[in-house]
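A quick write-up on the structure given underneath.
The values are calculated or read from the model by the stated rules, or taken from the named source; none is laboratory data. It should be emphasised that the depicted structure is a prediction, and the values quoted were computed from it without experimental measurement. Cβ placement follows ideal geometry from the backbone for every residue including glycine, while neighbour counts extend to all protein chains displayed.
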Amino acid sequence: MNPNLTKLAGALLLLCAALPAHAVDSVSLELGSGNHTDMGRVGLQWDWNKKWPVGDAWALSGYWDASLGYWHGDSSVSGARDIYDIGFTPVFRLSQNKPTGWYAEAAIGLHLLSRTRINDRRKFGTAFQFGDHIGAGYRFGARGEYDLGYRFQHLSNADIKKPNNGINFNQIRFSYHF
């Protein structure tokens, strides 16, 4: 196993241990691409169990999302094709007041990358990145246990250090709620 992946998996476990000691509410898989880079991520989510009414039929809620990802670039330069990514993101979600239906969401979270370069020309300046996304999707199933959505995600270091090329991903996300 890749030593960087082992380190990132260990960091994800430590991150999960630092979260409130209640059960995981859902798991997710994200697949996406952008800027000549493919990515995949697995995640664990914990609902905030709080809703703020927005009119009669809608509410604002949210969840914590801890993730472990892998990016694969199309560069032929050795050592610049793969990045592992660990993230932690608070996500705000606007949804209907029922277990199924449409939703929109937005978030700004933190990511740590195993490398600061991919595809020869994309340099991130720092391993620490902010990851923000907007998305929409649909929850379905007898009790809303399935969730299929689209996300547009941007990662960059917010000009903490140059260069700050950033990267954008278009993602499809599937999650299962326990």
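Numbers below:
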| quantity | calculated |
| --- | --- |
| R115 vs. criteria among the basic types (K, R), within 20 Å of H36 (Cα to Cα), part of a strand (DSSP E or B) and in contact with a strand residue (DSSP E or B) (Cβ under 7 Å, 6 or more places away or on another chain) | no |
| Subset of segment 129-150 (residues that are among the basic types (K, R) and either closer than 14 Å to L110 by Cα or outside any loop (DSSP other than H, G, I, E, B) (or both)) | R139 |
| In segment 62-71, residue farthest from L113 (Cα to Cα) [restricted to those that are buried (at least 19 other Cβ atoms within 10 Å of the Cβ) and of a type outside the set (A, V, I, L, M, F, W, C)] | G62 |
| Some residue of segment 36-52 being crowded, with 16+ Cβ neighbours inside 10 Å and more than 22 Å from H177 (Cα to Cα) | yes |
| Long-range neighbours under 6 Å by Cβ, at least six apart or interchain, first residue modelled with pLDDT of 95 or more within segment 38-61, second basic (K, R) and outside any loop (DSSP other than H, G, I, E, B) | S61/R93 |
| Where a residue in segment 144-168 is under 26 Å from N97 (Cβ atoms) and its partner, wherever it lies, is in a strand (DSSP E or B) and among the charged types (D, E, K, R), with Cβ under 7 Å and at least six apart | Y146/R139; D147/R139; G149/R173; R151/R173 |
| Residues located in segment 151-167, provided they are under 24 Å from A104 (Cβ atoms) and surrounded by 15 or more Cβ atoms within 10 Å (Cβ to Cβ) | R151, F152, Q153, H154, L155, S156, G166, I167 |
